[in-house]
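The values are calculated or read from the model by the stated rules, or taken from the named source; none is laboratory data. Keep in mind the model is a prediction, meaning the values are calculated, not measured. Note: ideal-geometry Cβ built from the backbone for every residue, glycine included; neighbour counts use all protein chains shown.
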Amino acid sequence: MTRQMHRLAGAALLAAAGLFAAGTANAADLTLKASHQFPGGKGDVRDEMVQMIARDVAKANVGLDIKVYPGASLVKATEQWNAMLKGQIDITSFPLDYASGQHPQFGATLMPGLVKNHDHAKRINSSPFMQDIKKIINDAGVVVLADAWLAGAFGSKKNCILEPNDAKGLKVRSAGATFAEMWAGAGASIVSIPSNEVYNALQTGVADATDTSSGSFVSFRLYEQVSCLTAPGDNALWFMYEPVLMSKRSFDKLNDAQKKAIMEASKKAEDYFAAESKKLDDNLVEAFKKANVKVVTMTEEQAAKWREVANNSSYRTFSEKVPNGKALIVKALQVR
């Protein structure tokens, strides 16, 4: 090989090395923003799901970094969906019903009495009902990374809430329109705020009572504000779908190795949450009893009275006013 050929070969190797280094740097600089409303670093399992995904993706060493912004520190609680669609954030742990203003069908994922317990929620995930919901999510430009259903409870500063008559005259913060309609059907007035604002609403008298997830009751320390808790027990009325979501536009920008890493990490986070979800109810009862809050659970007969109110309010309105609403209710009720 001539001296000139050596020089050319050396130059080519240096150029190739430079391109490789630049490509590696660019890959390492790919950072996704994950935002949610839940407290960070305090044991909230929804935050932990997102943190797990971020940690496992980093361990996969595929040139992808996920920066997590908990506690609505980057985007307000109810604006996560739009922020994701606009490209302001890439990933969120999100109560899907919060986007029911844009997609009213999402209200079915926080429908009184539609999901009865944690095992039922797992069966719902693979049902035609959820296939319809996920098609709407996907068509909107969003990918479901991990499923998550949370049970919830009722908390009151005044009387215990066991039957519909117990809600008459109360100012109740409701997590979504379907529950709000049931509360109104029972004679309550409605306070519409996200879960991270409930503590102050109870403290200042804006609200007398609330429904929210077991996780939020604890992580937002609502045991400091209520005197009676109606825990999920065996006859839960409150279940809410709060998946980890990702902008489809952001997902499609990933290479195959990055997509594989994020989906594997998300499956692990989903399995973690499924194992922890029932524990949230147990932790709820323990935390509220420790704070000297009275804890009660509904009987089957009491829960049936609430479902009758819901059937004549939430279910009826949803079936009449939401496109494909009646079919969604029917499909959900068919899951045994």
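Observations on the model:
- Asn196 of a type in the set (S, T, N, Q), out of contact with any Pro (no Cβ under 9 Å at 6 or more places or on another chain) and either over 18 Å from Ala236 (Cα atoms) or at pLDDT 95 or above (or both): no
- In the range 22-39 there is no residue that is among the charged types (D, E, K, R), crowded, with 21+ Cβ neighbours inside 10 Å and either at pLDDT below 95 or out of contact with any Phe, Trp or Tyr (no Cβ under 9 Å at 6 or more places or on another chain) (or both).
- Residue, surrounded by the most Cβ atoms within 10 Å (Cβ to Cβ), within the range 88-100, restricted to residues that are part of a loop (DSSP other than H, G, I, E, B) and in contact with a Ser or Thr (Cβ under 7 Å, 6 or more places away or on another chain): Ile89
- Scope the range 288-306; condition surrounded by fewer than 19 Cβ atoms within 10 Å (Cβ to Cβ) and either over 17 Å from Cys160 (Cα atoms) or among the small types (Gly, Ala, Ser) (or both); matching residues: Lys290, Ala291, Ala304
- Output for the range 166-185, where each listed residue is in a loop (DSSP other than H, G, I, E, B) and within 11 Å of Ser314 (Cβ to Cβ): Ser174, Gly176
- Here Asn312, Asn255, Asn283 are screened, and the one residue that is in contact (Cβ under 8 Å) with a residue 24 or more places away in the chain and under 21 Å from Val143 (Cα atoms) is Asn255.
- Qualifying residue in the range 265-272 (condition: touching a helix residue (DSSP H, G or I) at 6+ places or on another chain (Cβ under 7 Å), within 18 Å of Ala167 (Cβ to Cβ) and either in a loop (DSSP other than H, G, I, E, B) or among the polar types (S, T, N, Q) (or both)): no
- Residues satisfying the stated conditions in the range 114-165, i.e. part of a loop (DSSP other than H, G, I, E, B) and either under 20 Å from Ile329 (Cβ atoms) or within 16 Å of the chain's Cα centre (by Cα) (or both): Leu114, Val115, Lys116, Asn117, Ser126, Ser127, Asp147, Ala148
- Residue pairs whose Cβ atoms lie under 6 Å apart, separated by 6 or more positions or on different chains, with the first residue in the range 185-198 and touching a residue at least 60 places away in the same chain (Cβ under 8 Å) and more than 12 Å from Asp211 (Cβ to Cβ) and the second of a type in the set (A, V, I, L, M) and buried (at least 21 other Cβ atoms within 10 Å of the Cβ), are Gly185/Val309.
- Top-ranked residue in the range 161-190 [being polar (S, T, N, Q) and modelled with pLDDT under 95; ranked as surrounded by the fewest Cβ atoms within 10 Å (Cβ to Cβ)]: Ser174
- The set of residues in the range 77-91 being farther than 15 Å from Asn138 by Cα and either touching a residue at least 12 places away in the same chain (Cβ under 8 Å) or in contact with a Leu (Cβ under 7 Å, 6 or more places away or on another chain) (or both) consists of Ala77, Thr78, Gln80, Ala83, Gly87, Gln88, Ile89.
- Comparison of Leu280, Leu254, Leu229, Leu245 shows that the only residue that is in contact with a Ser or Thr (Cβ under 6 Å, 6 or more places away or on another chain) and at pLDDT 95 or above is Leu245.
- Within the range 283-300, considering residues that are modelled with pLDDT under 95 and in a helix (DSSP H, G or I), the one nearest to the chain's Cα centre (by Cα): Asn283
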